[in-house]
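One structure below.
The values are calculated or read from the model by the stated rules, or taken from the named source; none is laboratory data. Predicted model only: the values in this text are computed from it and were never measured. Heads up, the Cβs are rebuilt from the backbone with ideal geometry, glycines too, and the neighbour counts pull from every protein chain shown. What goes into the accessible areas is simple: the full protein's heavy atoms, side chains included, and nothing from ligands, DNA or RNA. Shrake-Rupley method; radii C 1.70, N 1.55, O 1.52, S 1.80 Å.
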Amino acid sequence: MKSFFRLGAIAALFSVADLVAAQQSPFSIASTDDIKETASTIVWDLLQYYHGNETGQTPGILPGPPPAGDYYWWEGGAMWGTLIDYWYLTGDSTYNDLIMQAVLWQVGPYNDFQPPNVTLSLGNDDQAFWGMTAMLAAEENFPNPPSDKPQWLALAQGVFNTQASPDRHDSTCGGGLRWQIPPTNNGYSYKNSIANGCFFNLGARLARYTNNATYSDWAEKTWDWMVGVGFLNSTSYAIYDGADVTNNCTDIHMAEFSYNNAVWALGAAYMYNHTRSDTWKTRVQKLVDHGLETFFDNGIAYEPSCEGIGTCNTDMVSFKGYLHRWYSTLTQLAPFTADKVLPVLKTSAQAAVKQCTGGALGRQCGFKWSTGVYDGRSGAGQEMNVVGAVSSLLIGQAKVPVTSDTGGTSKGDPNAGSNPNSFQRPVTPITTGDRAGAGILTAVLVGSISGVLGWMSFGA
C-alpha cells in the first residue's frame with residue numbers, strides 16, 4: 001500500500017485544518033477520466049491507513065482490533081473487496097499484488113477465513129465479508145492465485161460450507177445463524193440480519209456461479225427464516241438488526257442499517273438473475289424501493305440509525321461504500337432497477353466528493369455527505385466509502401459478473417470448509433520469517449509503483 005510515501009507525520013496528513021470548510025474539493029466526477037483520477041487519488045489516501053505490508057506487521061488487516069487500533073478484522077476483508085471492484089471498474093492494476101497477498105494471508109489453516117488469531121472477534125458476518133471478497137474475485141475474474149495457493153471460488157465455498165454446517169444452525173428462534181461463532185464471544189446469544197444476510201448473499205452468488213441447487217436452496221431457506229422470525233418485514237421490506245435468543249428472538253432490535261438492506265438486495269438480485277423468477281423480481285424491487293427511501297436523504301447516502309441522532313461507530317462509518325457498490329452491481333443483475341438506482345448513486349457520489357476537503361492536502365473525506373462540508377472525522381471507512389461511490393459510477397461500462405459458464409476461470413472445491421470449528425486450532429505465533437516476508441513485499445511494491453505515485457507527495 002502507499003504508506004510508503006509518508007508526508008512527514010501521518011497525523012499531519014489527516015489532521016483537521018482550520019480552513020477546511022472554506023476549501024473546495026479537488027475532485028471531479030464530470031467525465032470517465034475524472035472519475036478514474038478521483039478514485040485513484042482516494043484509493044491512495046485510503047491505503048495510508050494500511051500497514052500490513054510493512055516489516056513486522058500482519059498482511060491483510062487494518063490496525064486493530066480495539067484497543068490496539070480502530071478496526072476489527074472484517075473491515076480489512078471489506079477493504080480488499082472495495083479495491084477489487086476498483087480494479088474491475090477502472091482497469092488500474094497497481095494494487096493487484098497487494099490485494100492478492102493481503103487476502104491470501106488471512107485464509108487460515110483450513111482455507112476458510114478462520115485464522116485462529118482473530119477468534120476473539122470472529123463472527124459469522126466477519127468471516128463472510130472475507131468470503132464475499134473471494135467470491136467477488138471469482139465473479140470479476142481477478143487474477144487467480146498461484147496454483148499452490150487456495151483459489152477464489154474454493155475460498156468462497158469454504159466459508160459457505162462452514163456456515164451451512166449444523167454446528168452453526170441451532171433450534172433457537174427456529175434456526176438461523178448466530179452473530180458470533182465461538183460460544184465464548186460476547187454476542188453469541190444474538191442472531192442478526194447481517195450474519196444471515198451475508199450467508200444468503202454468498203449462497204445466491206454461488207448458486208448463480210456454479211448452477212448448484214444446494215446453494216439456492218439455502219438462500220431460499222434463509223430468506224424464509226428471516227421473514228418468519230420477523231427480521232425482514234414482508235410488507236415494508238424493512239430489515240431490522242436482530243434479537244437475542246434468550247427470548248426466542250421476540251424482542252427485536254428495530255434499528256435499520258444500510259448494509260443490511262444492500263446485502264439482501266444484492267443477494268436477491270443474484271437470485272433473480274439466476275432464476276428469472278417473478279418472486280425474486282418483486283423482492284428486489286421492494287428492497288430497493290425501501291432502501292432508496294430510507295438510506296438516501298435527498299438522493300445522498302445517509303445512515304439513519306446513527307447519523308444525526310448519535311455517533312456512528314467505526315464499523316458503521318464504512319456502510320455507505322457497501323451501499324453504493326452493491327446497489328450499482330444489482331443494476332447489472334436486475335437491469336429493471338437501473339433507471340431508478342443509477343441517478344441516485346450519481347447524486348450521492350457528487351455529494352461524497354464535494355465534502356472531501358479535509359487534512360493537510362485539502363482532500364480528506366469525512367462521513368456526513370449531505371452537509372456538503374468535511375465533518376472533521378476521517379478514517380479508512382470514510383475513504384473506502386468514497387472510493388466505492390466514485391468507482392461505481394463506471395458500472396455501465398463494466399461486464400456483468402461472470403459464472404463458470406460465462407467465462408469464469410476460478411477453480412472451486414465443493415467440499416471446502418470441512419472443519420467449521422477450525423478456529424479452535426492452537427494459535428501459531430508469527431515468526432521472524434513471516435515478518436520478513438511482509439517486509440520483502442513492501443520493498444518490491446515500493447520499487448514498482450513509486451514512479452506512478454510519487455507526484456502525489458506534493459499534494460493538491
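Table for the structure above
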{"item": "Among residues of the stretch 396-414, those that are surrounded by 17 or more Cβ atoms within 10 Å (Cβ to Cβ) and either in contact with a Leu (Cβ under 7 Å, 6 or more places away or on another chain) or modelled with pLDDT under 95 (or both), counted", "result": "3"}
{"item": "Check on residue 84, buried (at least 24 other Cβ atoms within 10 Å of the Cβ) and either touching a His at 6+ places or on another chain (Cβ under 9 Å) or β-branched (Val, Ile, Thr) (or both)", "result": "no"}
{"item": "Check on residue 435, open to solvent by 80 Å² or more (accessible area, probe 1.4 Å), over 30 Å from residue 299 (Cβ atoms), modelled with pLDDT under 95 and out of contact with any Ser or Thr (no Cβ under 8 Å at 6 or more places or on another chain)", "result": "no"}
{"item": "From the options 318, 328, 370, residue that is among the small types (Gly, Ala, Ser) and out of contact with any helix residue (DSSP H, G or I) (no Cβ under 6 Å at 6 or more places or on another chain)", "result": "370"}
{"item": "Selection within the stretch 338-352 - open to solvent by 10 Å² or more (accessible area, probe 1.4 Å) and either outside any helix (DSSP H, G or I) or over 25 Å from residue 24 (Cα atoms) (or both)", "result": "338, 339, 340, 342"}
{"item": "Residues of the stretch 353-395 that turn out to be outside any loop (DSSP other than H, G, I, E, B), open to solvent by 30 Å² or more (accessible area, probe 1.4 Å) and out of contact with any Leu (no Cβ under 9 Å at 6 or more places or on another chain), as a count", "result": "1"}
{"item": "Some residue of the stretch 302-317 being assigned to a helix (DSSP H, G or I) and not basic (Lys, Arg)", "result": "yes"}
{"item": "Failed item, numbered, when residue 166 is tested on (1) in a helix (DSSP H, G or I); (2) open to solvent by 40 Å² or more (accessible area, probe 1.4 Å)", "result": "(1)"}
{"item": "Of all residues making up the stretch 252-282, the number that are in contact (Cβ under 8 Å) with a residue 24 or more places away in the chain and either part of a helix (DSSP H, G or I) or under 21 Å from residue 210 (Cβ atoms) (or both)", "result": "19"}
{"item": "Residue 317 being open to solvent by less than 10 Å² (accessible area, probe 1.4 Å) and more than 24 Å from residue 383 (Cβ to Cβ)", "result": "no"}
{"item": "Among (1) buried (at least 24 other Cβ atoms within 10 Å of the Cβ); (2) touching a residue at least 40 places away in the same chain (Cβ under 8 Å) - the single one residue 174 does not satisfy", "result": "(1)"}
{"item": "Qualifying residues in the stretch 108-124 (those that are of a type in the set (A, V, I, L, M) and open to solvent by 10 Å² or more (accessible area, probe 1.4 Å)) - the one farthest from the chain's Cα centre (by Cα)", "result": "120"}
{"item": "Residue count, the stretch 244-276 (criterion: of a type in the set (A, V, I, L, M, F, W, C) and either over 23 Å from the mean Cα position of the chain (by Cα) or open to solvent by 60 Å² or more (accessible area, probe 1.4 Å) (or both))", "result": "4"}
{"item": "Failed condition for residue 249, given (1) in contact with a helix residue (DSSP H, G or I) (Cβ under 6 Å, 6 or more places away or on another chain); (2) part of a helix (DSSP H, G or I); (3) in contact (Cβ under 8 Å) with a residue 40 or more places away in the chain", "result": "(2)"}
{"item": "Considering residues of the stretch 125-160 that are surrounded by fewer than 24 Cβ atoms within 10 Å (Cβ to Cβ) and of a type in the set (S, T, N, Q) only, the residue farthest from residue 388 (Cα to Cα)", "result": "147"}
{"item": "Candidate set: the stretch 191-215, residues that are part of a helix (DSSP H, G or I), over 19 Å from residue 315 (Cα atoms) and out of contact with any Ser or Thr (no Cβ under 8 Å at 6 or more places or on another chain); chosen: the one most open to solvent (accessible area, probe 1.4 Å)", "result": "214"}
